[in-house]
Structures are given as structure tokens and as C-alpha cells.
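Here's the structure, in C-alpha cells; my notes come after.
The values are calculated or read from the model by the stated rules, or taken from the named source; none is laboratory data. Quick caveat, the model's predicted, so the values are computed rather than measured. Cβ: placed from backbone, ideal geometry, glycine included. Neighbour counts: every protein chain shown.
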Amino acid sequence: MNKLETRELIRRWIEAENHEKLMYFISLNPEGGNYTLKQKEYAIEKAKSIGVRATSRLLRLPRRTIQRWLMSKEITVKRCPDWVNDWAYWRRRRREKFMFFR
């Protein structure tokens, strides 16, 4: 198996896992309509672990809805994970280094 096939396999595995999580979220309220308490709790737990934007994409919910649920429980979730700031810092440093050589 070459590198591209491996990447495709990993991508499909992640998509299948995400689809499974979405189906679980939908199964918590089979009739549809308003969101149940179980659905809200599931979305809040996901938002705590992976963030609001990722949860919004995963569960196909509006971001503001998840934020409203978090605010009602008085839970604060960081806008982005800690590693993003480190990554941005080192990216900026690399760019500055290469700008020197131009």
C-alpha cells in the first residue's frame, strides 16, 4: 500500500467514525423536532473535548446553538486549542527567517 492509499484509508476511517457519531446524536431523538436534553448534553461534552466549531461541523448544528447551550450551563470553552497558538508562533518565526534571505 503506497502513501496515497494509506491517506485515503485513514480519511475514510475518520469519515466513518464521524458519521457514526452523527447517527448516534440523531438517534437520541428519533422523532425529530426540538433537541432533547440528552442531545444537548452529548453536544456539550463533544464541544468540551474537540471545540465548538468542530462539534458544529460534526453534528451539523449551528455554532451559535452550541454556544448558547454552553452559556446556559455557564461552561466556557476556549476558542481554539492550546497547540494552535504554539503552531502560529513557530510558523511566524519560520516566515521571518525566510524573509531575511530574500
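Any idea which residue in the stretch 61-76 is surrounded by the most Cβ atoms within 10 Å (Cβ to Cβ), counting only those that are part of a helix (DSSP H, G or I) and of a type in the set (D, E, K, R)? By that ranking, first place goes to Arg63. Residues in the stretch 25-34 that are surrounded by fewer than 18 Cβ atoms within 10 Å (Cβ to Cβ) and under 20 Å from Leu70 (Cβ atoms): Leu28, Asn29, Asn34.
When residues in the stretch 77-102 are screened for being over 27 Å from Gly33 (Cβ atoms), hydrophobic (A, V, I, L, M, F, W, C) and not in a helix (DSSP H, G or I), 2 of them pass.
Conditions (1) surrounded by 14 or more Cβ atoms within 10 Å (Cβ to Cβ); (2) modelled with pLDDT under 90, marked per residue:
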residue	(1), (2)
Trp13	no, no
Ala47	yes, no
Gly51	yes, yes
Leu59	yes, no
Lys78	no, yes
Arg93	no, yes
Phe98	no, yes
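In this structure, does Lys38 turn out to be of a type in the set (Lys, Arg), surrounded by 11 or more Cβ atoms within 10 Å (Cβ to Cβ) and out of contact with any helix residue (DSSP H, G or I) (no Cβ under 8 Å at 6 or more places or on another chain)? Yes. Filtered by the rule that a residue be over 25 Å from Lys78 (Cα atoms) and part of a helix (DSSP H, G or I), the stretch 25-55 gives Ile26, Ser27. For beta carbons closer than 9 Å, sequence separation of 6+ or different chains, a first residue in the stretch 1-28 that is more than 15 Å from Leu58 (Cβ to Cβ) and a second that is surrounded by 10 or more Cβ atoms within 10 Å (Cβ to Cβ), the qualifying pairs are Met1/Leu9.
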